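Notes follow once the structure below has been shown.
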């Protein structure tokens, strides 16, 4: 039996694949190498996985139902970890139909394959973006999330509801994990920490939207992978939504300062207005994750940036090609 991981060549997906392979699991990976960023980066992400005899990889798009049928028909899959999605809040505002097609229809194709092939366990990567501009001091899973402020966020919120429906109708045990701003080695080059590190390193201006007071609950990749693995083992209730965060909201100004410190270079800042779709802050209540998954983040922001910068300096030629 095997675990199917969608988005296997991405930042989180490749890191998760490596961890589960190290634990002796059989992994089926799917990725479509979306052109959102360079294919070469994703190929580099999974190069070690491809050397493992317990890893089988398919280049396939979730919107291609025939390709998915082939994957499910050819393999004995007992669990799906669904990470694949069209990423990015701001691009979703420009291309909402693309995000609906990939994130909603593509994910429904996965749910249909699970139903048809009688696969009963699912872990889904949702997002803290579903909370929108929540005014609560800390974001708990029981807060109202009916006011997403980007098509990306709306797609994730919709999928949580579709998964609940499939769980109830077809007896699928599901855990929806709301990830809070994941960072670390292999982070997508368009995301703030990676982008700012590269621009500061190159002596180029960085765009700072707003006054720098916006806050994000940054979560180091190793902690996210640990949480996903725990969710994959969880089977006590039929459906859960669980936050995975770092528990340490960090302001934009502070984020820049820590990157400067570990690069040993000062940032040139280009002050810009807030962007549509951006939220003022995220702050994860991770008590439920601790209670159900024994989740506890082990890498604080300072440590995580130090590790990320070391990785970036060692690997930056990959991003310069």
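Residue-by-condition table, conditions (1) modelled with pLDDT of 95 or more; (2) surrounded by fewer than 18 Cβ atoms within 10 Å (Cβ to Cβ); (3) over 21 Å from residue 1 (Cα atoms); (4) in contact with a strand residue (DSSP E or B) (Cβ under 8 Å, 6 or more places away or on another chain):
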{"site": "31", "(1), (2), (3), (4)": "yes, no, no, yes"}
{"site": "40", "(1), (2), (3), (4)": "no, yes, yes, no"}
{"site": "51", "(1), (2), (3), (4)": "yes, yes, no, no"}
{"site": "55", "(1), (2), (3), (4)": "yes, no, no, yes"}
{"site": "62", "(1), (2), (3), (4)": "yes, no, yes, yes"}
Next item on the list: Select from the range 215-241 the residues that are under 16 Å from residue 139 (Cα atoms) and surrounded by fewer than 23 Cβ atoms within 10 Å (Cβ to Cβ) and write down the one among them that is nearest to the chain's Cα centre (by Cα).
Entry: 241
Next item on the list: Please find, among 189, 185, the residue that is at pLDDT 95 or above, surrounded by fewer than 22 Cβ atoms within 10 Å (Cβ to Cβ) and within 15 Å of the chain's Cα centre (by Cα).
Entry: 185
Note to self: Just checking, does the range 26-42 include any residue being closer than 22 Å to residue 114 by Cβ and without any contact (Cβ under 8 Å) to a residue 12 or more places away in the chain?
What the structure shows: no
Check: Can you pull out the residues in the range 14-48 that are in contact with a helix residue (DSSP H, G or I) (Cβ under 6 Å, 6 or more places away or on another chain) and in a loop (DSSP other than H, G, I, E, B)?
Finding: 33, 46
Check: under 19 Å from residue 302 (Cα atoms), modelled with pLDDT of 95 or more and within 16 Å of the chain's Cα centre (by Cα) - does that describe any residue in the range 143-161?
Finding: no
Next item on the list: Using the structure shown, decide if residue 135 is without any contact (Cβ under 8 Å) to a residue 12 or more places away in the chain and either assigned to a loop (DSSP other than H, G, I, E, B) or under 13 Å from the mean Cα position of the chain (by Cα) (or both).
Entry: yes
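One line per residue, one yes/no per condition, for (1) closer than 28 Å to residue 190 by Cβ; (2) more than 21 Å from the chain's Cα centre (by Cα); (3) not in a helix (DSSP H, G or I):
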{"site": "56", "(1), (2), (3)": "no, yes, yes"}
{"site": "81", "(1), (2), (3)": "yes, no, yes"}
{"site": "90", "(1), (2), (3)": "yes, no, no"}
{"site": "104", "(1), (2), (3)": "yes, no, no"}
{"site": "109", "(1), (2), (3)": "yes, no, no"}
{"site": "114", "(1), (2), (3)": "no, yes, no"}
Next item on the list: Out of 304, 245, report the one residue that is crowded, with 18+ Cβ neighbours inside 10 Å, over 29 Å from residue 93 (Cα atoms), touching a strand residue (DSSP E or B) at 6+ places or on another chain (Cβ under 7 Å) and touching a residue at least 60 places away in the same chain (Cβ under 8 Å).
Entry: 304
Check: Can you tell me which of 280, 285 is touching a strand residue (DSSP E or B) at 6+ places or on another chain (Cβ under 8 Å) and surrounded by fewer than 17 Cβ atoms within 10 Å (Cβ to Cβ)?
Finding: 280
Check: Does residue 159 satisfy the criteria of being closer than 30 Å to residue 114 by Cβ, in contact with a helix residue (DSSP H, G or I) (Cβ under 8 Å, 6 or more places away or on another chain) and either in contact (Cβ under 8 Å) with a residue 24 or more places away in the chain or part of a helix (DSSP H, G or I) (or both)?
Finding: yes
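The values are calculated or read from the model by the stated rules, or taken from the named source; none is laboratory data. Being a predicted model, the structure only gives us computed values, none of them experimental. No Cβ is skipped: glycine too gets one built from the backbone with ideal geometry, and neighbour counts run over all protein chains shown.
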